[in-house]
Amino acid sequence: MTSPNAPHRASLFEALGVWLTLPLGERSTRRLGLELLLASAVVLFQELALIRWLPSQVRVLAYFPNLILLSAFLGLGVGSLRTGKRSLLVLYPIAMTLLVGATLLLGRVAFTETSGAEHLWLLYYDLPKDAPVVPGVRWPIYAAFLLSASTFVPLGQLVGERLEAFRRRSGALWGYSWDIGGSLVGIMAFTIAGFAGVFPWSWFALFLTGGAVFFLGGRKRWGALYLVVAVVLVLIVARTEKNQAYSPYYALRAETGGDLYGVRVLANGSLHQYGIGLRRSETAVSDEHRSTREGYHLPFSLLERPPRRALVLGAGTGNDVSVLLDEGAEHVDAVEIDPVILDLGRRYHPDRPYASPRVTVHNTDARSFLHGEHEPYDLIVFGTLDSMTRLSALSNVRLDNFVYTRQCLEEAKRLLAPDGGVVMYFMVSKGYILDRLTALHLEVFGQYPFRVERHFGLFNTILMSGPAFADYGAGPRSELAETFRRETAPGLEVPTDDWPFLYLAHRSISGFYLSLVGLLALTAVGGVALASTSMRRSLLRPREIDLPMLLFGVGFMLLETRSVTALNLVWGATWLTSAVVFGSILLMILGATLLAARRPLPWKVGVVGLVATLLTAWSVPVDALLGLGTAGRLGASVALVGAPIFFASICFALLFKERDDAGRAFGWNLLGAVFGGLLEFVSMIVGFRGLLLVALAVYLAAVLLSRRRPEVEA
């Protein structure tokens, strides 16, 4: 029996098909804008989803999420260069299937790295003992980069075609405004998903549903095939899920019961924390348990009295808090950035430290907490804070790097009571890391730290400084300090907020990173050459390369990298701060673009403003903002970080507006962003303030080249 609604449904479906297959030139401006907004939102949401999901499966990628972001830029750039050519949309579900399948396979291999360039904490606790072990991490990184980039190529073509349609009809800048608006929508959607704590299968479901809109027109079988592939991918991601929760920073799983005395927390499949009972009144269940408990309590045996007020930075599941309570602390401020790890500690730690009325929990960034005003502390404890993820996908800085800098230790010293002390627990595997931590204590406290080096299970080094530990072994420590200053300190780089790379052996770009940068740069050039005949010709004829658009992409990526890093330091490295920072940058770009479309500023004003604001940002160190109040920090952040981005966007908009081929110009710009992201590794040498000078040099080169182009008025 036929439903009376059947003809109506058929007509709606047919109308939708006609609506979607209507040639771009015949579509209304509003509709083109909405399509561009949706495509850009899908792009941004997919970027963020892959940046979160891929490291949870292939753990070495947690140290390189910026490369996943750069793969998106490369794919979008290559796709944009395909504007006007045969549609590659059918490749989207194929590329996504290959990416998901390869990622799940790579996640079952233990990749190791022996390079001394940087310490990578790779522990494969979630793999069986007979899992294959493969030396070297470059190839899984490269495979993820290549496969991730391939998923963005069809989306880049969608964006590029609609930008070109806008250029022909109402101006390229209006299309670019819709593009930026879509990026804002994507960021907000993923932020909401982060608030909700949903799992990756729902992320995939959302951006694949958004992509389905572009598949429903034309041949029905392609639309039906896409829906089948999308459903299968979502089911695969859901069925292969091994984690219990996704925090803003990690994919987490808690293990309890069996022979475990407490809770073991795996982050991205690697052992991250082990919350165990540490009260001295309880019987140890093993020699390792006894040794760990002894290590945690050791610093308190050196104190003349129990600490009255204490602060724990990196409280985690609660081990340090438990020890302080057992040692008689009257009040403990526990600071932990990850809300899910805090919740696991509340639920599973055998001592239940967070249930004590003597404990106040602060779910925030350690540096952000130290910026505030607090009553003096008798003891400040730095927990085992070594992290396994980056601060952001735009930076080579790890989440914990800004905790181990001279400025951070100075802030901790400021909060100490006159007879207070600092205790730092650490698992050290490289000699230079211990030397660097020692130099930090020596420089800030003027005394060689009292060091205990012994394997205590969860850490193997304890460093103690401050008045509370000043008299312990004073004679030998004076001799050690002199020897250290004479023999070790001269060639040792102490981490600062400008150069916070605790885990780097030297202020340099090692062969490990250079090989990665070279490989990815060659891939970017090769991808561009394959994408477009005109681009291949341009590469052979340098005069045909759109160098201004390329250089603006390089400079903007450098500027954005430094801006995100600086604002996370000023406002705290929490996931909400990162979302606000990204959103603010996009709003600044959108405002500049709309201004250029309606009432453009003169080219000279944009250039002078860009140079002046870059030099101002370089001359003012980031830590100068930390002492300001909330209103002062906000104003300074807008002036020092937002102003250069605004003027850079003004200049870019004027260039983009005059381009004859919007898709090609967009492609060159995105390729420049890839090169800029790779050039960000230079921060390992020059620091983050130095990046501003590099960006300034790049922008000046772009401006000089732009003056030679007849379509841009100087």
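The values are calculated or read from the model by the stated rules, or taken from the named source; none is laboratory data. All of these numbers come straight from a predicted model, not from anything done at the bench. Counting neighbours? That spans all protein chains shown, and the Cβs are built from the backbone with ideal geometry, glycine included.
Of all residues in the stretch 187-223, count the ones that are in a helix (DSSP H, G or I) and over 18 Å from Arg162 (Cα atoms).
Residues that pass the stated criteria total 24.
Output the residues belonging to the stretch 273-330 that are hydrophobic (A, V, I, L, M, F, W, C) and part of a helix (DSSP H, G or I). The answer is Leu298, Phe300, Leu302, Val321, Val323, Leu324, Leu325. Hey, does the stretch 167-179 have a residue that's without any contact (Cβ under 8 Å) to a residue 60 or more places away in the chain, farther than 16 Å from Ala41 by Cα and small (Gly, Ala, Ser)? No, the stretch 167-179 contains no residue that is without any contact (Cβ under 8 Å) to a residue 60 or more places away in the chain, farther than 16 Å from Ala41 by Cα and small (Gly, Ala, Ser). When Pro490 is evaluated against the numbered criteria (1) part of a helix (DSSP H, G or I); (2) closer than 29 Å to Arg293 by Cβ; (3) of a type outside the set (Phe, Trp, Tyr), which criterion, by number, is the only one it fails? Failed condition: (2). Looking only at residues of the stretch 617-632 that are closer than 25 Å to Val694 by Cα and modelled with pLDDT under 80, we find that the one that is surrounded by the fewest Cβ atoms within 10 Å (Cβ to Cβ) is Ala624. Is it true that Leu463 is of a type in the set (A, V, I, L, M), touching a residue at least 60 places away in the same chain (Cβ under 8 Å), surrounded by 15 or more Cβ atoms within 10 Å (Cβ to Cβ) and farther than 17 Å from Asn401 by Cβ? No: the conditions fail for Leu463. Count of the stretch 35-72 residues, restricted to those that are more than 17 Å from Gly194 (Cβ to Cβ) and either aromatic (Phe, Trp, Tyr) or not assigned by TED's automatic domain parsing to the domain that holds Asp126 (or both), is 2. Only residues that are charged (D, E, K, R) and not in a loop (DSSP other than H, G, I, E, B) were counted across the stretch 360-381, and they come to 2.
Restricting the stretch 633-666 to residues that are within 26 Å of the chain's Cα centre (by Cα) and under 19 Å from Arg167 (Cβ atoms), the residue that is surrounded by the most Cβ atoms within 10 Å (Cβ to Cβ) is Phe666. Of the residues making up the stretch 489-521, those that are at pLDDT 85 or above and within 17 Å of Val444 (Cα to Cα) number 11.
Residue-wise test of (1) among the aliphatic types (A, V, I, L, M); (2) in the same structural domain as Tyr274 (by TED's automatic domain parsing); (3) at pLDDT below 85; (4) touching a strand residue (DSSP E or B) at 6+ places or on another chain (Cβ under 6 Å).
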position: Ala355; (1), (2), (3), (4): yes, yes, no, no
position: Val361; (1), (2), (3), (4): yes, yes, no, yes
position: Arg367; (1), (2), (3), (4): no, yes, no, no
position: Glu373; (1), (2), (3), (4): no, yes, no, no
position: Tyr377; (1), (2), (3), (4): no, yes, no, yes
position: Ile380; (1), (2), (3), (4): yes, yes, no, yes
position: Ala393; (1), (2), (3), (4): yes, no, yes, no
position: Leu399; (1), (2), (3), (4): yes, no, yes, no
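Before we move on, is Phe166 at negative phi, under 25 Å from the mean Cα position of the chain (by Cα), in a helix (DSSP H, G or I) and not small (Gly, Ala, Ser)? Taking the combined requirement at face value, the residue does not satisfy it.
Which is over 25 Å from the mean Cα position of the chain (by Cα), surrounded by fewer than 24 Cβ atoms within 10 Å (Cβ to Cβ), without any contact (Cβ under 8 Å) to a residue 40 or more places away in the chain and in a loop (DSSP other than H, G, I, E, B), of Pro357, Pro350? That would be Pro357, the only listed residue that is over 25 Å from the mean Cα position of the chain (by Cα), surrounded by fewer than 24 Cβ atoms within 10 Å (Cβ to Cβ), without any contact (Cβ under 8 Å) to a residue 40 or more places away in the chain and in a loop (DSSP other than H, G, I, E, B). If you take the residues in the stretch 121-144 that are charged (D, E, K, R) and either touching a strand residue (DSSP E or B) at 6+ places or on another chain (Cβ under 8 Å) or without any contact (Cβ under 8 Å) to a residue 40 or more places away in the chain (or both), which one is farthest from Leu399 (Cα to Cα)? So, considering only residues that are charged (D, E, K, R) and either touching a strand residue (DSSP E or B) at 6+ places or on another chain (Cβ under 8 Å) or without any contact (Cβ under 8 Å) to a residue 40 or more places away in the chain (or both), the one farthest from Leu399 (Cα to Cα) is Asp130. Residues in the stretch 585-616 that are modelled with pLDDT under 90 and either outside the structural domain of Phe688 (by TED's automatic domain parsing) or small (Gly, Ala, Ser) (or both): Gly591, Ala592, Ala596, Ala597. Is it fair to say Gly635 is within 30 Å of Glu373 (Cβ to Cβ) and either at pLDDT below 85 or of a type in the set (Val, Ile, Thr) (or both)? Answer is yes for this residue. Every condition in (1) under 28 Å from Leu106 (Cβ atoms); (2) at pLDDT below 85 is met by Ala189 except one, and the failing one is (2). Please work out if Asp419 is of a type in the set (D, E, K, R) and in a helix (DSSP H, G or I). No; evaluated as a whole, the condition is false for this residue.
Going through the stretch 224-252 one residue at a time, which ones are small (Gly, Ala, Ser), surrounded by fewer than 18 Cβ atoms within 10 Å (Cβ to Cβ) and assigned to a helix (DSSP H, G or I)? Matches in the stretch 224-252: Ala224, Ala238.
The condition of being in a helix (DSSP H, G or I) and out of contact with any Cys (no Cβ under 8 Å at 6 or more places or on another chain) holds for Ser563.
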